[in-house]
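> Just dropping this structure here.
The values are calculated or read from the model by the stated rules, or taken from the named source; none is laboratory data. Predicted model only: the values in this text are computed from it and were never measured. Cβ: placed from backbone, ideal geometry, glycine included. Neighbour counts: every protein chain shown.
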Amino acid sequence: MTLTDPAVGHAGTAPASDRARTEDLLARHRAVMPRWQALYYEQPIALSHGEGRHVWDVEGTRYLDFFGGILTTMTAHALPEVTAAVQEQAGKILHSSTLYLNEQTIELAERIAGLSGIPDAKVFLTPSGTEANDAALLMATAYRRSNQVLAMRNSYHGRSFSTIGITSHRSWSPTSFSGLQVTYVQGGYRLRSPFRDLPDGEYTAACVADLRQLLDMATSGDVACLIAEPVQGVGGFATPPDGFFGAIKEVLDEHGILFVSDEVQTGWGRTGENFWGYQAHGITPDLLTFAKGVGNGVPLGGVVARAEVVDAIAANHISTFGGSPLVSAAANANLRYLVEHDLQGNARRQGERLRAVLQPVVNETPWIAELRGKGLMLALETVHPGGVEPDPARAAALTEACKERLLLIGKGGLYGNVLRVAPPLTLTDDEADEGAALLADAIRSIG
Ligand code: PLP
């Protein structure tokens, strides 16, 4: 057998034309990457680099980025403060292992514990959101000595056995085996809830009554936790009314059930004004999980909880890469920037700016059911006119129409019929106006 190094294999060939470079990358991707690793667009884009709120492809085309690497580019592409912190740390030590103390990692844990709002908090750092939720489930089930878990319908929590097991999206659940006994609660996805026509307060009350019945009829009562996204990310930015989780948590508290707020998409100010999604509900969660935007693109996640809950894991439990010095340095610089520049406030202001342009367009478009979300986490759901039957074809057409206008947006939702808008939180007034105008024009271009 001959081992080939693609870098060597391609060296010395004549420089490909720009389009040919994309085609070459696509062919190589298809040859060695999994079939289920989906790519956006009829002609996928090969990204080369980014700066601020813009990215460039390998053909030299510049796009306004309204999806920020699936909400991971939290502040901006190539933020100089993060780049400098990574470069400095890379010159010192990349990895020091969990066996030794490291300044960057400890500083990050202190910073996140302080920001979390959870009293007497400890932080366990992981390389991803999946592992953050895995650890949270482990802590909650160990603390409560129960393997029963509640999750929300239309939720997404990760790709490991346990997190797939609690994810309630058929399209994301190749198996449901996890060893956890899971029961699904009503509430996150109002547009497709049996209670959708009720006003906010009554909607919440109906979901709470359903939860009470569920606890009596579908569990033995000693449930470990409810895990929920304050705004459901992969599920299409489905947003329950403010205060919803406050009412739900009252029931949980009666039973001693822990509330896990999965803030992988909603954390760090993304929902505008508030630092966390849970704050719109007047509660403090027992556990909070995070990832994506914390380090502006480096692989980092984690769990925050009261010390007694974190320390309920009695066995050894380490993550080789969780919170390495390199990613911690990036996250420290990123979070410092976020807080010092009040990007939560900017997320609220720019979210309102986008809404002001998009809401009237949505009102005049019979195939968009609603504009929803919070802060810089906004979604449009495409349906067949006159009802709520999903229309993924129009969502795909709209994504392509935005690309033609050099605007990148996200696609998602249970049926692939939700357009997601989530630019980096440093979005400027001019960029918000430009992006909203491009999106409005793209919507109007589709019949
Ligand atoms: N939780 C939520 C709410 C997410 O949106 C995701 C990823 O999209 C995850 C968990 C899993 O995170 P990761 O892909 O970093 O494992």
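> Is there a residue being more than 18 Å from ILE70 (Cα to Cα), in a helix (DSSP H, G or I) and in contact (Cβ under 8 Å) with a residue 24 or more places away in the chain anywhere in the range 311-324?
no
> Could you say which residue among GLY386, GLY435, GLY447, GLY373 is within 21 Å of LYS292 (Cβ to Cβ) and either touching a Ser or Thr at 6+ places or on another chain (Cβ under 9 Å) or part of a loop (DSSP other than H, G, I, E, B) (or both)?
GLY373
> Here is a further query. Checking the conditions here, which among LEU258, LEU326, LEU335 is out of contact with any Ser or Thr (no Cβ under 8 Å at 6 or more places or on another chain) and more than 19 Å from GLU131 (Cβ to Cβ)?
Details: LEU258 fails: more than 19 Å from GLU131 (Cβ to Cβ); LEU326 fails: more than 19 Å from GLU131 (Cβ to Cβ).
Only one candidate passes the filter, namely LEU335.
> Taking the criterion of being touching a helix residue (DSSP H, G or I) at 6+ places or on another chain (Cβ under 9 Å), within 12 Å of the ligand (Cβ to nearest atom), at positive phi and not in a strand (DSSP E or B), would at least one residue in the range 293-309 satisfy it?
Yes, the range 293-309 contains at least one residue that is touching a helix residue (DSSP H, G or I) at 6+ places or on another chain (Cβ under 9 Å), within 12 Å of the ligand (Cβ to nearest atom), at positive phi and not in a strand (DSSP E or B).
> Moving on. Hey, among VAL231, VAL123, which residue is at pLDDT 95 or above and more than 18 Å from the chain's Cα centre (by Cα)?
Working: VAL231 fails: more than 18 Å from the chain's Cα centre (by Cα).
Among VAL231, VAL123, only VAL123 is at pLDDT 95 or above and more than 18 Å from the chain's Cα centre (by Cα).
> Taking interchain pairs and intrachain pairs at least six residues apart, which have beta carbon atoms under 6 angstrom, with the first residue in the range 155-171 and more than 10 Å from the ligand (Cβ to nearest atom) and the second part of a helix (DSSP H, G or I)?
SER162/ASP134; SER162/LEU137
> ILE118: within 30 Å of GLU229 (Cα to Cα) and free of Cβ contacts under 8 Å to residues at least 24 places away in the same chain, yes or no?
Details: within 30 Å of GLU229 (Cα to Cα): yes; free of Cβ contacts under 8 Å to residues at least 24 places away in the same chain: no.
No.
> Looking at THR61, THR83, THR105, THR98, which one is away from the ligand (no atom under 16 Å from the Cβ) and free of Cβ contacts under 8 Å to residues at least 24 places away in the same chain?
Details: THR61 fails: free of Cβ contacts under 8 Å to residues at least 24 places away in the same chain; THR105 fails: free of Cβ contacts under 8 Å to residues at least 24 places away in the same chain; THR98 fails: free of Cβ contacts under 8 Å to residues at least 24 places away in the same chain.
Just a single option satisfies the conditions, and that option is THR83.
> Take ALA140 and tell me if it is crowded, with 24+ Cβ neighbours inside 10 Å, modelled with pLDDT of 95 or more and not in a helix (DSSP H, G or I).
On the way: crowded, with 24+ Cβ neighbours inside 10 Å: yes; modelled with pLDDT of 95 or more: yes; not in a helix (DSSP H, G or I): no.
No; evaluated as a whole, the condition is false for this residue.
> A follow-up question, please. Among the residues of the range 173-181, are any away from the ligand (no atom under 13 Å from the Cβ), in contact with a His (Cβ under 8 Å, 6 or more places away or on another chain), more than 28 Å from ARG420 (Cα to Cα) and at pLDDT below 95? Step through it out loud before you land on a result.
Initial filter on the range 173-181 (away from the ligand (no atom under 13 Å from the Cβ)): 173-181.
Going one step further and asking which of them are in contact with a His (Cβ under 8 Å, 6 or more places away or on another chain), we end up with none.
The answer is no, given that none of the residues of the range 173-181 is away from the ligand (no atom under 13 Å from the Cβ), in contact with a His (Cβ under 8 Å, 6 or more places away or on another chain), more than 28 Å from ARG420 (Cα to Cα) and at pLDDT below 95.
> Then there is this: Being among the aliphatic types (A, V, I, L, M) and either under 15 Å from VAL260 (Cβ atoms) or under 24 Å from the mean Cα position of the chain (by Cα) (or both) is the filter here, so list the residues in the range 305-317 that pass it. Walk me through how you get there before you give the answer.
Narrowing the range 305-317 to residues among the aliphatic types (A, V, I, L, M): 305, 307, 309-310, 312-315.
Listed by number, the residues that qualify are ALA305, VAL309, VAL310, ALA312, ILE313.
> So, of the residues in the range 117-130 that are surrounded by fewer than 24 Cβ atoms within 10 Å (Cβ to Cβ) and within 7 Å of the ligand (Cβ to nearest atom), which turns out to be farthest from PHE321 (Cα to Cα)?
Looking at the filtered set, the residue picked out is THR130.
> Sticking with this structure for a sec: Name the residues in the range 238-277 that are free of Cβ contacts under 8 Å to residues at least 60 places away in the same chain, within 26 Å of LEU138 (Cβ to Cβ) and within 16 Å of the ligand (Cβ to nearest atom), would you?
PHE245, PHE259, SER261, GLU263, GLY267
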